[in-house]
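Input: a single structure, listed below in structure tokens.
The values are calculated or read from the model by the stated rules, or taken from the named source; none is laboratory data. Everything quoted here is computed from the prediction, not taken from an experiment. When we count neighbours, we look across all protein chains shown, and the Cβ atoms used for this are built from the backbone with ideal geometry, even at glycine. Surface areas here come from the heavy atoms of the whole protein model, side chains and all, with no ligands, DNA or RNA. Shrake-Rupley method; radii C 1.70, N 1.55, O 1.52, S 1.80 Å.
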Amino acid sequence: MSCMGQTTLTGVDIASLRETYLRKVTETLPARARASGDWPIHRDHCFSRVVLDTVFEDEWYDHVNGRPAYEHLSVAELTLAIDIADRMLDEGRSAVVELNNNSLRWRGKLE
């Protein structure tokens with residue numbers, strides 16, 4: 001899944017950050033959502049939307065050139081994305097509801 005040894009000029013292993021992000025949004029968060037049974041979202045693409053929209057406080061695709069998005073994020077953006085995913089894992093439903101509602105609002109799907 002990763003390119004080993006892919007580091008930035010500052011020595012950050014960006015491939016590891018990408019793997020961590022991807023694992024959280026495609027495996028860990030959906031599994032936690034299924035286990036809880038009461039989260040408003042449960043699919044990996046929904047978690048990706050919420051996390052990335054939260055990173056940019058806007059629709060993420062207006063800020064990322066290229067797909068998949070996580071391969072085009074900076075170290076700072078990836079780190080923030082991981083922190084956001086961790087917040088949802090730590091706080092559970094309340095954080096997921098809040099961040100999902102923010103995402104929907106930025107997309108004009110929630111008043």
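Here are the numbers for this structure:
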quantity: Residues satisfying the stated conditions in region 29-49, i.e. over 12 Å from I82 (Cα atoms) and assigned to a helix (DSSP H, G or I); calculated: P30, A31, R32, A33, R34, A35, S36, D44, H45, C46, R49
quantity: Selection count, region 52-71, where residues are touching a residue at least 40 places away in the same chain (Cβ under 8 Å) and in a helix (DSSP H, G or I); calculated: 4
quantity: Candidates A31, A15, filtered to the one that is free of Cβ contacts under 8 Å to residues at least 12 places away in the same chain and among the aliphatic types (A, V, I, L, M); calculated: A31
quantity: Extreme residue, surrounded by the most Cβ atoms within 10 Å (Cβ to Cβ), among residues of region 74-111 that are within 19 Å of I14 (Cα to Cα) and touching a Leu at 6+ places or on another chain (Cβ under 8 Å); calculated: A81
quantity: Some residue of region 66-74 being among the hydrophobic types (A, V, I, L, M, F, W, C) and either modelled with pLDDT of 95 or more or in contact with a Lys or Arg (Cβ under 7 Å, 6 or more places away or on another chain) (or both); calculated: yes
quantity: Residue ID - most open to solvent (accessible area, probe 1.4 Å), chosen from residues in region 10-41 that are closer than 17 Å to L99 by Cα and of a type in the set (D, E, K, R); calculated: R32
quantity: Which listed residue, of D44, D62, is exposed (fewer than 15 other Cβ atoms within 10 Å of the Cβ) and among the acidic types (D, E); calculated: D62
